[in-house]
1. Among the numbered criteria (1) loosely packed, with under 12 Cβ neighbours inside 10 Å; (2) over 28 Å from P72 (Cβ atoms), which one does R180 miss?
2. Go through the residues of region 111-125 one by one and say whether even a single one is assigned to a loop (DSSP other than H, G, I, E, B), within 20 Å of P36 (Cα to Cα), more than 15 Å from the ligand (Cβ to nearest atom) and in contact with a Phe, Trp or Tyr (Cβ under 7 Å, 6 or more places away or on another chain).
3. Select from region 127-175 the residues that are more than 9 Å from the ligand (Cβ to nearest atom) and assigned to a helix (DSSP H, G or I) and list them in ascending order.
4. Of (1) open to solvent by 40 Å² or more (accessible area, probe 1.4 Å); (2) of a type outside the set (A, V, I, L, M); (3) free of Cβ contacts under 8 Å to residues at least 40 places away in the same chain, N133 satisfies all except one. Which?
5. Sort through N96, N149 and tell me the only one that's within 16 Å of the chain's Cα centre (by Cα) and of a type outside the set (A, V, I, L, M, F, W, C).
6. Looking only at region 156-172, which residues are closer than 20 Å to N63 by Cβ and open to solvent by 30 Å² or more (accessible area, probe 1.4 Å)?
7. Restricted to region 58-82, and to residues that are closer than 20 Å to Y138 by Cα and of a type in the set (A, V, I, L, M), which residue is surrounded by the fewest Cβ atoms within 10 Å (Cβ to Cβ)?
8. Is it the case, given these coordinates, that A85 is in contact (Cβ under 8 Å) with a residue 60 or more places away in the chain and surrounded by 12 or more Cβ atoms within 10 Å (Cβ to Cβ)?
Amino acid sequence: MSWTRYLLAAAVAGAIGAAAVAQTHYMPGPQNIDLPADWQQRFIRYATVDNAARKIIRNLYVNPDALAAARPGQPLPYGTLIVMADQRARLGADGNPLLDQSGRFIPEPGWIAIAAQEKRQGWGEGYAANIRNGEWEYARFNGDGSRNNAPVEACFTCHLGTRAQQDFAFNFWDYVRDRR
Ligand code: HEC
């Protein structure tokens, strides 16, 4: 190939490469987070919280790579995807959650709602400083895993206001800090 033809070919390849990058360019928003199809098989449930006020059980899952890479007191690894899946608690005749022999709520089968937060390098660009949560995005899903398009502003505001010093995470930060 002559030099001119080589340079032309390289320029075309470069332009195609740039177009591919432009196509995948980051845009802020919940659409960045996908629930992996196999998350229920693959992710690790690191905590389960009985929420008496809401009469629900919150199941907290994280992807195994993040669980392995996270270090106490350190910013959480890129690629961390935390999934919080809620179940209804079984209620007694008095309308209060029934307890099992360990004093824990008894879950009704199936998820009623799923919330997710994910951190990736370069995410967060485009959010105003008073809402940006570092490099985290938030998303809501319905119990069946389909996307729930209700707004996510409140997710940013509350996590920013309460947990900015813990890399915007709650239980997972504490779990990593306390595990041995
Ligand atoms: C009013 C405050 C508040 C709002 C709003 C809020 N969260 Fe949270 N979030 C919490 C608290 C508190 C926890 C700890 C779990 C618990 O006690 O329910 C939590 C935990 C989580 C977790 C598990 C994190 C971890 O570190 O273990 C995820 C994921 C999450 N929230 C996503 C969301 C998403 C998505 C939204 C918006 C749809 C949202 N949150 C809105 C307060 C909030």
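1. Tallying (1) loosely packed, with under 12 Cβ neighbours inside 10 Å; (2) over 28 Å from P72 (Cβ atoms), R180 fails exactly one: (2).
2. The first filter runs over region 111-125 and keeps only residues assigned to a loop (DSSP other than H, G, I, E, B), leaving 111-112, 120-125.
Okay, now just the ones that are also within 20 Å of P36 (Cα to Cα), so 111-112, 120-121, 123.
Checking the rest, the ones that are also more than 15 Å from the ligand (Cβ to nearest atom) come to 121.
Those left that are additionally in contact with a Phe, Trp or Tyr (Cβ under 7 Å, 6 or more places away or on another chain): 121.
For region 111-125, residues assigned to a loop (DSSP other than H, G, I, E, B), within 20 Å of P36 (Cα to Cα), more than 15 Å from the ligand (Cβ to nearest atom) and in contact with a Phe, Trp or Tyr (Cβ under 7 Å, 6 or more places away or on another chain): present.
3. L160, A164, Q165, listed by residue number.
4. All conditions pass for N133, except number (1).
5. On the way: N96 fails: within 16 Å of the chain's Cα centre (by Cα).
Checking each option against the conditions leaves just N149.
6. From region 156-172, those closer than 20 Å to N63 by Cβ are 159, 163, 166-172; that's our starting set.
H159, R163, Q166, F170, N171 - these are the residues of region 156-172 that are closer than 20 Å to N63 by Cβ and open to solvent by 30 Å² or more (accessible area, probe 1.4 Å).
7. First, pick out the residues of region 58-82 that are closer than 20 Å to Y138 by Cα: 58-67, 70, 75-82.
With of a type in the set (A, V, I, L, M) added as a condition, the list becomes 60, 62, 66-67, 70, 76, 81-82.
Values: L60: 20, V62: 25, A66: 21, L67: 18, A70: 21, L76: 24, L81: 22, I82: 25.
Selected residue: L67.
8. Numbers: in contact (Cβ under 8 Å) with a residue 60 or more places away in the chain: no; surrounded by 12 or more Cβ atoms within 10 Å (Cβ to Cβ): yes.
The answer is no for A85.
The values are calculated or read from the model by the stated rules, or taken from the named source; none is laboratory data. Please read all numbers here as calculations on a predicted model, not as lab measurements. Backbone-built Cβ (ideal geometry, glycine too); neighbour counts: all protein chains shown. Remember, those area values only see protein heavy atoms, side chains included, never the ligands or the DNA or RNA. Shrake-Rupley method; radii C 1.70, N 1.55, O 1.52, S 1.80 Å.
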